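Comments concern the structure below.
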């Protein structure tokens with residue numbers, strides 16, 4: 001019989017930001033942010049706020065590639081005086097209806113910590129520095145520092161004039177987004193990234209020394225070189241976190257069962273292909289972890305974006321089905337096992353009208369917003385997690401686990417990745433006897449899909465389990481065990 005071994009002694013504090021979402025206006029590609037805004041009542045859609053409160057993200061990041069050409073002052077002040085912006089990446093016009101203050105109001109409404117990204121000199125991208133329309137969209141260090149003052153200075157006249165007297169007190173800021181991903185010559189070099197980071201960081205911290213800063217340290221897409229090395233060596237104590245993205249979760253150019261609807265023909269083959277995606281995530285995480293260890297830095301990792309990238313692009317129907325939920329649970333358990341080094345992580349984009357890589361799908365104007373499988377996974381893990389990590393291991397490769405603890409409550413997350421077999425598992429708590437065990441579980445059939453006609457298919461069932469040191473884990477299931485010690 002397989003055994004899950006847990007040493008319930010608390011090891012390290014877990015950042016609540018391990019369960020982050022991120023918000024980026026996506027223009028005509030996926031209506032995203034503006035579709036969440038009710039133009040008639042001039043407020044966030046109440047049904048959107050309701051579903052996000054249920055999702056309960058610990059933090060929400062404003063950013064994405066948008067920040068390479070976003071000018072924050074165009075998005076503050078009276079609506080009539082705000083400047084329209086061409087969305088140079090995603091298409092169409094942004095009306096800047098949702099700006100700095102609206103984003104922060106939303107974070108307050110859903111009790112999420114805001115994480116703010118800034119225009120990092122357009123990340124060195126020529127097409128945004130001087131655009132096709134003749135605009136200069138690059139932001140400098142003073143502009144970024146002014147945004148820190150706008151948000152955090154109690155006496156900032158600009159914010160007060162716009163109707164917000166109290167400071168927003170944003171603690172965490174990101175400098176640079178996917179800066180290493182374009183080809184050489186189409187972005188900063190790694191040395192320019194590090195040098196410019198220091199300039200921006202010093203300017204921003206001069207306005208508020210208490211802020212934490214995230215710098216871009218991911219690999220070059222074409223060479224595999226880690227930018228974290230120069231970033232940390234140049235930035236030193238100015239680097240609190242190193243950002244990477246998990247955007248490589250794709251099968252490459254080879255023919256694959258993940259393409260289109262072919263995945264439905266053989267779920268076993270589909271899971272094998274998804275296992276390949278998971279191994280890429282694990283390999284990259286271990287590479288980033290090793291890089292930071294070799295640098296001897298106290299900086300943590302910030303996985304500020306990441307999702308499955310399979311065809312059709314960002315609209316795979318598989319991401320409506322439970323098999324994708326099982327995959328994402330495996331990734332979340334991996335991130336929790338490395339919560340000593342990961343401060344921020346996410347599994348999905350946030351919200352929109354058509355992309356299935358989102359956590360929240362808005363649907364048509366007559367549909368209520370709802371969580372896709374990845375959103376249900378992030379909700380379950382977020383709601384059943386402790387404040388401190390503990391050591392856990394499974395001797396069955398089909399049983400993925402992670403664990404945390406708050407006070408006398410232990411949370412054990414168990415993902416049975418076997419599509420065919422349930423598992424009876426010994427739970428070894430190192431001699432500690434549980435007083436009570438409750439199981440919070442999602443366990444539909446693999447091909448179960450969610451849409452507006454079937455909103456309850458991924459509902460969590462909660463049961464009381466025998467406190468006898470044995471667990472019955474159904475096949476293809478995700479269970480959060482809440483154990484009173």
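Here are a few things to note about the model shown:
- Against the numbered list (1) crowded, with 21+ Cβ neighbours inside 10 Å; (2) touching a helix residue (DSSP H, G or I) at 6+ places or on another chain (Cβ under 7 Å); (3) closer than 30 Å to residue 337 by Cα, residue 58 comes up short only at (1).
- From the list 184, 243, 206, the one residue that fits, being exposed (fewer than 15 other Cβ atoms within 10 Å of the Cβ) and closer than 30 Å to residue 156 by Cβ, is 206.
- Just one of the numbered conditions (1) modelled with pLDDT of 95 or more; (2) within 24 Å of the chain's Cα centre (by Cα) is not true of residue 251: (1).
- Selection count, region 123-138, where residues are surrounded by 15 or more Cβ atoms within 10 Å (Cβ to Cβ) and over 17 Å from residue 173 (Cβ atoms): 9
- Annotation for region 260-274: at least one member residue is closer than 15 Å to residue 356 by Cα and either surrounded by 20 or more Cβ atoms within 10 Å (Cβ to Cβ) or more than 23 Å from the chain's Cα centre (by Cα) (or both).
- Filter result for residue 235 (over 20 Å from residue 67 (Cα atoms) and surrounded by fewer than 15 Cβ atoms within 10 Å (Cβ to Cβ)): no
- Per-region count, region 410-438, residues under 27 Å from the mean Cα position of the chain (by Cα) and surrounded by fewer than 17 Cβ atoms within 10 Å (Cβ to Cβ): 1
- Residue tally, condition without any contact (Cβ under 8 Å) to a residue 60 or more places away in the chain, part of a helix (DSSP H, G or I) and within 12 Å of residue 190 (Cα to Cα), over region 218-246: 3
- Scanning region 139-169 for residues that are assigned to a loop (DSSP other than H, G, I, E, B), free of Cβ contacts under 8 Å to residues at least 60 places away in the same chain and under 26 Å from the mean Cα position of the chain (by Cα) yields a count of 2.
- Selection within region 170-194 - part of a loop (DSSP other than H, G, I, E, B) and either outside the structural domain of residue 101 (by TED's automatic domain parsing) or within 19 Å of residue 103 (Cα to Cα) (or both): 170, 171, 177
The values are calculated or read from the model by the stated rules, or taken from the named source; none is laboratory data. The structure displayed is predicted, hence computed values, not measured ones. Cβ sites come from the backbone with ideal geometry, for glycine too, and all protein chains shown count toward neighbours.
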